[in-house]
Amino acid sequence: MILLGFGLLWFQSWGRQYGSGTRWFYRSRVVTALIAVILAVGVAATSAVTMFFFAPPLWILAGAILIVAALRYWRSEVRFLVWTLSAAAERGIPLETAARAFARDHRGAVAVRASRLADYLDAAMPLSLALTRSGLALFFPEVRLAAAVGEKTGTLGKTLRKTVEQSTDMERVTGSILARLAYLACVVGVLVMMLAFYMIKIMPIFVQMFREFDLSLPRVTQVFIGLTSAAAQYWYLVPPLATVVVAGVLVPLIYYLAPAFRALPIIGNFFSPVNEVSVTQMLAVAVAQRQPVVEGLELLASYSHALQGRSRLVQAMGDIAGGSHWCDALHRAGLVTSAHAAVFKSAERAGNLAWALDEMSERLLHRAALRARAVVHIGYPVLIGLIGAMVFFVAISLLLPLFSLISCLT
């Protein structure tokens, strides 16, 4: 079934370029879905026959990897579309023309949504609303806020470009850490399953064999058995440790799936795209165009559907309406630090607030990148060393009994 599925996929892709006649077979979504079902059933049956009870966890992991890969691909396509729109806006090219050109040169769901976006733009719909109606904001929620700010301030191209750059930098910073975290969590999970198998199946046989030969187990093996027995005795500590391992796998998955989660009615409230970098960046654009800071905050609050970010912005606007300085209000709302608030006050008195806001957003990204590199370069080798030491200890505790038996028999 796997070979049949790949053969049908190759035949379908060949027919889209060179085939003639039965084009419904080459372009039909029903046929593509049927081929996907054939491949899925073949892979599931093969893994179930060869891996037995390990197959269901592998199915779940494979499904998660496929979802993450699809979302990452769609997000990268939307990012390229937004980059195209920003270049068109900066050069005075109609946005609907750029969207249609993108739709002609690409395939898939993003291309269909880009064509729908061009239709909405032809109907004189604002870009922020057109992105929402076409479904593109689902994969790139930050662009809706950037489009709204750019349309209000007349800097659409610059705002879209900076949003794409910020998103790319943030994913580059956090992607390496989360990928390594998922790798370590998977290694620890596999190691725990192997230990459970050895303790249930292998170790009782070793103990019985040494009793029959009236021998004593090596000291390392006795320590290993004692540690595992203590773990079985204090079983209530196992769920927290398992939770940590599962969280290590789910955190990267949730991070990559966050763009889709933000569109959900309740779960999306916990995924707020409003943070210190986005606030300072959007305020820099508004101040550079001589827009009041309060109007910029209102715009950020109106286009942030997540409760956490919107509540902080509303709290800051309430403090400003009560007579507080906007820097102090943002600090009390948890949107900027006290040091940054002091810098913004000084820049406002000096008349270069827009430059200070823009520089601060760049420095925040740079500082996050430095911290990420420090975590990766220091913490990751330490964790790898600890896991290696654990594997070495388990291997020695399992191999020494075999060496003792062989020496006794000879």
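Couple of notes before you dig in:
- Of all residues in the stretch 176-194, none are surrounded by fewer than 17 Cβ atoms within 10 Å (Cβ to Cβ), among the polar types (S, T, N, Q) and more than 26 Å from VAL375 (Cβ to Cβ).
- Tally of residues being outside any loop (DSSP other than H, G, I, E, B), among the charged types (D, E, K, R) and more than 30 Å from ILE378 (Cα to Cα) across the stretch 175-230: 4
- Residues (under 15 Å from SER397 (Cα atoms) and in contact with a helix residue (DSSP H, G or I) (Cβ under 6 Å, 6 or more places away or on another chain)) located in the stretch 178-205: MET199
- Only one of the numbered conditions (1) within 28 Å of SER302 (Cβ to Cβ); (2) modelled with pLDDT of 80 or more; (3) in a helix (DSSP H, G or I); (4) more than 27 Å from the chain's Cα centre (by Cα) is violated by LYS152, and that is (2).
- ALA130, sole failed condition from (1) at pLDDT below 85; (2) surrounded by 16 or more Cβ atoms within 10 Å (Cβ to Cβ); (3) of a type in the set (A, V, I, L, M, F, W, C); (4) part of a helix (DSSP H, G or I): (1)
- Residue match in the stretch 284-297 (condition: at pLDDT 75 or above, on the phi > 0 side of the Ramachandran plot and surrounded by fewer than 15 Cβ atoms within 10 Å (Cβ to Cβ)): no
- Checked against (1) of a type outside the set (A, V, I, L, M); (2) surrounded by fewer than 17 Cβ atoms within 10 Å (Cβ to Cβ); (3) touching a residue at least 60 places away in the same chain (Cβ under 8 Å), GLU359 passes all but a single condition, namely (3).
- Qualifying residue in the stretch 123-143 (condition: closer than 30 Å to SER13 by Cα, out of contact with any helix residue (DSSP H, G or I) (no Cβ under 6 Å at 6 or more places or on another chain) and free of Cβ contacts under 8 Å to residues at least 12 places away in the same chain): no
- Some residue of the stretch 315-334 being at pLDDT 80 or above and at positive phi: yes
- Members of the stretch 109-125 found to be more than 29 Å from the chain's Cα centre (by Cα) and not small (Gly, Ala, Ser), listed by number: ASP119, TYR120, LEU121, ASP122, MET125
- Tally of residues being within 17 Å of TYR198 (Cα to Cα), of a type in the set (Val, Ile, Thr) and surrounded by 14 or more Cβ atoms within 10 Å (Cβ to Cβ) across the stretch 371-395: 1
- Only one of ALA40, ALA44, ALA101, ALA88 that is more than 23 Å from the chain's Cα centre (by Cα), buried (at least 16 other Cβ atoms within 10 Å of the Cβ) and modelled with pLDDT of 85 or more: ALA88
- The one condition in (1) surrounded by fewer than 19 Cβ atoms within 10 Å (Cβ to Cβ); (2) modelled with pLDDT of 70 or more; (3) within 30 Å of VAL192 (Cα to Cα) that VAL251 fails to fulfil: (2)
- Just one of (1) at pLDDT 80 or above; (2) over 16 Å from SER86 (Cβ atoms) fails for VAL164. It is (2).
- Residues that are among the aromatic types (Phe, Trp, Tyr) and under 18 Å from ALA70 (Cα atoms) do not occur anywhere in the stretch 109-131.
The values are calculated or read from the model by the stated rules, or taken from the named source; none is laboratory data. Worth saying up front: this structure is predicted, and the values here are computed from it rather than measured. Neighbour counts are summed over all protein chains in view; Cβ atoms, including those assigned to glycine, are modelled from backbone coordinates with ideal geometry.
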